[in-house]
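The values are calculated or read from the model by the stated rules, or taken from the named source; none is laboratory data. Note that the structure is a prediction, hence the values are computed from the model and not measured. Ideal geometry is used to build each Cβ from the backbone, glycine not excepted, and the neighbour counts take in all protein chains shown. We work out accessible area using only protein heavy atoms, side chains counted, and drop any ligands, DNA or RNA first. Shrake-Rupley method; radii C 1.70, N 1.55, O 1.52, S 1.80 Å.
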Amino acid sequence: GIGNISQMSERLRKEIKMALSLNTFFELALKNNPGVVWVYYTSNDLFQNLYPWLPSSHPSYYEIMTQEPFFKMGLPENNPLRKNYWTRIYRDGQAKGSMYQKGYVVTNAAPVYDGEKFLGVVAIDLSLSELERLLNSFTLSQGASALVNDDDQILAMHGFHTSENKSILKIQDILPPKIKTQFMEELRVPQAKVVRMDNYYVYVHQLRSAPWRLVYVVSYWDLFN
């Protein structure tokens with residue numbers, strides 16, 4: 001963190017004690033979820049409790065953290081209902097000299113309050129590599145599938161082929177041109193049924209546990225020939 005511990009207020013001491021009490025839960029979350037790379041509490045008072053822990057000899061807290069989406073999305077003015085939320089895809093450990101650097105991740109987070117006072121955010125980083133592994137564990141004899149977030153970013157995909165040279169792809173980047181417009185309409189409001197689009201069949205399923213959609217696209221000719 002940032003600041004002088006000799007000048008800590010009693011309120012801040014209590015918050016630090018609360019943050020440290022989360023360590024057992026952080027450890028369990030990491031051990032029971034192979035795709036999780038970090039679990040942490042970030043305070044509005046410029047400190048962070050991070051698991052797995054990093055050597056104290058290396059700076060692991062940067063004040064810019066409170067300007068990052070995972071934190072700002074939890075602020076009272078941005079999240080008055082205090083809801084759990086997911087970030088867009090980002091590369092972990094972008095700060096210069098950072099020891100994070102776990103590749104591309106998405107963060108699930110929730111604001112923490114003491115009564116009506118906003119304290120900070122508790123969060124968990126999920127690796128896209130694990131989502132890719134999970135999606136690829138389902139064998140497809142025909143067609144292609146993808147997991148897409150509410151920003152149209154592809155979290156994982158299987159069976160799609162693209163020439164796009166981008167680190168973070170959007171679903172529009174990999175769709176057959178003939179069905180893009182109709183597909184995006186279906187993506188916005190999934191009908192929970194197979195939809196014919198030109199010479200393709202498309203199915204879009206809205207997940208309940210995250211604002212993500214599972215997409216399946218198969219060519220009519222691949223399916224029936």
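Mind listing just one residue for me: the one in the stretch 133-165 that is touching a Ser or Thr at 6+ places or on another chain (Cβ under 7 Å) and over 20 Å from Arg208 (Cα atoms) and, of those, modelled with the highest pLDDT? Filtering first and then ranking leaves His158.
Of the set (1) open to solvent by 30 Å² or more (accessible area, probe 1.4 Å); (2) more than 19 Å from the chain's Cα centre (by Cα), all apply to Lys170 but (2). Among the residues of the stretch 174-188, those that are open to solvent by 40 Å² or more (accessible area, probe 1.4 Å) and farther than 15 Å from Trp212 by Cβ comprise Pro177, Lys178, Lys180, Thr181, Gln182, Glu185.
Here is the figure for the stretch 189-210: residues that are surrounded by 13 or more Cβ atoms within 10 Å (Cβ to Cβ), out of contact with any helix residue (DSSP H, G or I) (no Cβ under 9 Å at 6 or more places or on another chain) and part of a loop (DSSP other than H, G, I, E, B) total 2. No other residue among Tyr85, Tyr61 is aromatic (Phe, Trp, Tyr) and at pLDDT below 90 apart from Tyr61.
Do we have Pro34 as of a type outside the set (A, V, I, L, M), part of a loop (DSSP other than H, G, I, E, B), out of contact with any Pro (no Cβ under 7 Å at 6 or more places or on another chain) and without any contact (Cβ under 8 Å) to a residue 60 or more places away in the chain here? Spell out the reasoning first.
Working: of a type outside the set (A, V, I, L, M): yes; part of a loop (DSSP other than H, G, I, E, B): yes; out of contact with any Pro (no Cβ under 7 Å at 6 or more places or on another chain): yes; without any contact (Cβ under 8 Å) to a residue 60 or more places away in the chain: no.
Taking the combined requirement at face value, the residue does not satisfy it.
Every listed requirement among (1) touching a residue at least 40 places away in the same chain (Cβ under 8 Å); (2) open to solvent by 40 Å² or more (accessible area, probe 1.4 Å); (3) closer than 20 Å to Val106 by Cα; (4) in a strand (DSSP E or B) is met by Met157 save one, (1).
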